[in-house]
């Protein structure tokens with residue numbers, strides 16, 4: 001480096017720029033070729049124990065084997081996932097830190113008046129990993145049987161009812177708000193730093209109804225058109241008379257914008273190999289999670305859905321007048 005600095009001082013400004021550009025091109029491919037030379041960090045933007053965390057750990061274990069380097073899971077929770085995503089958006093674009101982003105990232109772009117980052121400009125998509133339908137569960141001792149009895153109970157007791165979510169801005173928080181709007185109630189939500197802590201308090205009796213991706217406690221309804229293979233006896237909301245109400249979330253890996261394309265491709269390909277591992281798919285299906293189908297895995301596909309996803313989730317937010325400073 002000292003020799004390079006001497007050369008720069010002895011040439012004109014325009015030539016110095018050319019020297020720096022040439023050096024960058026010479027170094028860039030070598031770094032991409034050597035990647036990964038050390039452990040990677042997968043930022044999970046929610047607390048341990050929730051659906052996002054479980055997904056990240058299942059895929060991360062196999063991804064470590066494929067890459068030949070450890071993938072360290074780091075939970076960075078807060079603001080409906082924005083704190084963790086912001087950390088990666090601000091990280092060096094060297095390929096060693098990525099975030100398990102989700103639909104929550106698209107929701108937060110509209111829900112918050114001043115989002116901490118711009119999803120379209122600050123984060124670079126790598127691969128769509130999985131999709132997870134929402135499942136509504138309740139306390140074991142809640143005196144209801146099925147979705148219609150739950151709705152009647154909520155309408156009658158809305159002043160004392162509580163829902164729980166993985167945090168303001170999370171998909172659970174958003175879908176709770178939409179559910180309340182559809183059935184015509186106002187129920188206070190208790191925001192947590194992840195689905196895991198929310199589930200613990202549900203079991204402890206602090207609140208009654210969270211839509212959580214889980215088969216624990218008492219199942220009320222699954223918000224997708226078909227029943228879940230992992231929960232074949234749990235009826236869908238549609239089967240129980242709540243037509244056209246579906247709720248699910250997607251998960252994708254994102255790098256800081258500016259990460260070399262060669263590194264993005266390498267992480268994409270390694271992730272796809274991990275996703276196609278039968279044991280990984282079995283573990284995910286057991287949690288009610290579906291690996292993204294091949295035609296939806298490409299980096300270009302994820303890049304193409306970001307703007308539509310922001311608008312699709314933003315429309316009901318604006319219609320309901322939901323807004324967070």
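The values are calculated or read from the model by the stated rules, or taken from the named source; none is laboratory data. Since we're looking at a predicted model, the values are computed, not measured. Virtual Cβ from ideal backbone geometry, glycine too; neighbours counted across all protein chains shown.
Applying the set (1) farther than 21 Å from residue 173 by Cβ; (2) in contact with a helix residue (DSSP H, G or I) (Cβ under 9 Å, 6 or more places away or on another chain); (3) outside any strand (DSSP E or B) to residue 91 leaves exactly one unmet item: (2).
Just one of (1) surrounded by fewer than 21 Cβ atoms within 10 Å (Cβ to Cβ); (2) modelled with pLDDT of 70 or more fails for residue 205. It is (2).
Of the residues making up region 71-92, those that are surrounded by fewer than 17 Cβ atoms within 10 Å (Cβ to Cβ) and over 19 Å from residue 129 (Cα atoms) are 90, 92.
Does region 94-102 contain any residue that is in a helix (DSSP H, G or I), in contact with a helix residue (DSSP H, G or I) (Cβ under 8 Å, 6 or more places away or on another chain), on the phi < 0 side of the Ramachandran plot and surrounded by 23 or more Cβ atoms within 10 Å (Cβ to Cβ)? Talk me through it step by step, then tell me what you get.
Our first condition is that a residue be in a helix (DSSP H, G or I); within region 94-102, this holds for none.
The answer is no; no qualifying residue exists.
Please find, within region 281-325, the residue that is nearest to residue 217 (Cα to Cα) out of those that are modelled with pLDDT under 90 and touching a strand residue (DSSP E or B) at 6+ places or on another chain (Cβ under 6 Å). Steps first, please.
Start the filter on region 281-325 by keeping residues that are modelled with pLDDT under 90, which leaves 285-290, 312-325.
If we keep only those that are touching a strand residue (DSSP E or B) at 6+ places or on another chain (Cβ under 6 Å) as well, we get 288-290, 324.
Numbers: 288: 15, 289: 18, 290: 21, 324: 31 Å.
The selected residue is 288.
Against the test of being free of Cβ contacts under 8 Å to residues at least 40 places away in the same chain, in the same structural domain as residue 91 (by TED's automatic domain parsing) and closer than 30 Å to residue 35 by Cβ, the options 282, 273, 311 yield a single qualifying residue, 282.
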